[in-house]
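Take a look at the structure below.
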Amino acid sequence: MTSAQGEGGSIFGRPWVRNLFAVFTLMVMLVISVWIFLDAVRVSNLQKMDEYRQLLGADTAAELWAKSIEERDPALFQLRDVRVLSDLSTIQDQLNEDRSSISLTDDQLRELLTLVRQSPEQQAPETVDLSTDVHMVTEVRRVIGACCRSSDEASALDAAGQLKSDQERWLIGVELLESLSSGGFLIHEMIRTSLLEVVMERGRGWLGTQELAFIERAESVLARIELPRLGLARALQIETMMSFEMTEVGQSPWFLSPDFQCYLDRQIPISLDPTDPALLDRYLEEPPFYAVMTRLMSLSMDSISRTIRSSDAKLRTLRCAFAATAAKIRGVEWQPPDGVELIGWPPKIHITGAPEGTDIYLPR
């Protein structure tokens with residue numbers, strides 16, 4: 001027996017060595033467990049992203065943007081390149097002194113509509129990132145505002161002619177709105193929604209008109225506007241896809257983390273159906289303590305969703321209101337489509353489940 005063995009036996013017989021070895025073993029097992037967990041998270045994140053891309057039929061945000069334009073319903077107005085407005089000296093020449101609005105005559109609006117119809121179709125950017133600009137927003141807003149105002153009071157038109165002129169200006173405004181402001185990022189859709197509110201407010205004032213030809217044209221032109229909830233979903237999907245690309249290109253650790261997994265679990269469902277109240281409630285739940293980036297990346301979907309749901313319902317009720325008014329002028333009974341109710345007296349059009357303040361009373 002050696003002196004070392006005599007004094008303390010095997011080195012592992014010493015308590016402090018055994019404790020140190022146990023701690024080391026636990027640490028190794030913990031590291032291995034964490035590595036296995038993070039690798040599982042990585043695989044899960046990659047799988048969810050791949051499934052999302054397959055579901056949408058695109059690998060990048062630019063591809064999805066282009067696909068949404070190519071597959072746009074032909075019944076809707078074609079999207080036009082808004083940069084056509086930058087070539088029109090008329091817009092700059094007609095600006096008011098405070099440059100907040102523009103005054104366009106009927107002939108100028110007709111000429112503008114012709115130029116827009118002849119302009120190139122909107123194209124998706126080759127790459128989509130935070131530097132992708134929202135072109136000519138102010139000019140579009142000014143043009144729509146001009147369309148929703150009465151024509152020049154100093155014109156020689158009689159009262160009936162003036163009325164027909166204002167109706168035509170409004171119809172032009174509806175088409176220009178949809179042609180020049182749809183598609184792309186969430187900011188595009190929010191701008192379009194705000195302008196759509198202006199157009200619909202003006203349109204509600206025309207419901208009392210008893211001219212069947214105009215009522216039918218109004219019904220037809222409103223049917224060619226994409227519902228806001230569909231535009232919102234597309235915009236969220238493009239931005240969700242863009243977040244994938246940002247994390248992949250930057251090799252961000254967030255890309256492989258439970259934080260990113262939390263982001264995917266929240267963002268993917270809401271981007272597919274952003275106006276679903278049940279999904280919205282889940283989206284508004286407080287993220288876990290570790291989901292720091294998820295908090296930063298998550299939008300205020302509550303207010304956005306409420307705004308879009310309201311505008312969506314208003315557009316549908318206004319369409320139905322013109323259809324019901326046309327039926328009344330023809331002397332036939334109007335049958336509300338699925339999801340639409342005609343209730344009360346005086347009768348009003350109500351979308352089932354729509355937010356308050358979206359009903360429209362029909363003219364007596």
ask   = If you go through the range 180-195 one residue at a time, do you hit one that is in a loop (DSSP other than H, G, I, E, B) and at positive phi?
value = yes
key: Matching residues in the range 23-60 - criterion: being in a helix (DSSP H, G or I), under 33 Å from the mean Cα position of the chain (by Cα) and of a type in the set (S, T, N, Q)   = S44, N45, Q47, Q54
ask   = Within the range 32-44, is there a residue that is surrounded by 14 or more Cβ atoms within 10 Å (Cβ to Cβ), in contact with a helix residue (DSSP H, G or I) (Cβ under 8 Å, 6 or more places away or on another chain), modelled with pLDDT of 80 or more and closer than 30 Å to P228 by Cβ?
value = no
note = Filtering the range 321-364 for residues that are assigned to a helix (DSSP H, G or I) and more than 13 Å from M200 (Cα to Cα) leaves a count of 8
message = Here is a check on your reading of the model: is G183 within 29 Å of L299 (Cβ to Cβ) and either in contact with a helix residue (DSSP H, G or I) (Cβ under 8 Å, 6 or more places away or on another chain) or among the aromatic types (F, W, Y) (or both)?
response = yes
inquiry  = Pairs please, first residue from the range 296-316 and closer than 20 Å to S182 by Cβ and touching a residue at least 24 places away in the same chain (Cβ under 8 Å), second anywhere and polar (S, T, N, Q) and assigned to a helix (DSSP H, G or I), Cβ atoms under 6 Å, 6+ apart in sequence or on different chains.
reply    = S311/T193
task = Would you tally the residues in the range 207-238 being touching a Phe, Trp or Tyr at 6+ places or on another chain (Cβ under 9 Å), touching a residue at least 60 places away in the same chain (Cβ under 8 Å) and crowded, with 20+ Cβ neighbours inside 10 Å?
result = 8
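The values are calculated or read from the model by the stated rules, or taken from the named source; none is laboratory data. What you are looking at is a predicted structure, and each value in this text was computed from that prediction instead of being measured. FYI the Cβ positions are ideal-geometry reconstructions off the backbone, even for glycines, and counts take in every protein chain you see.
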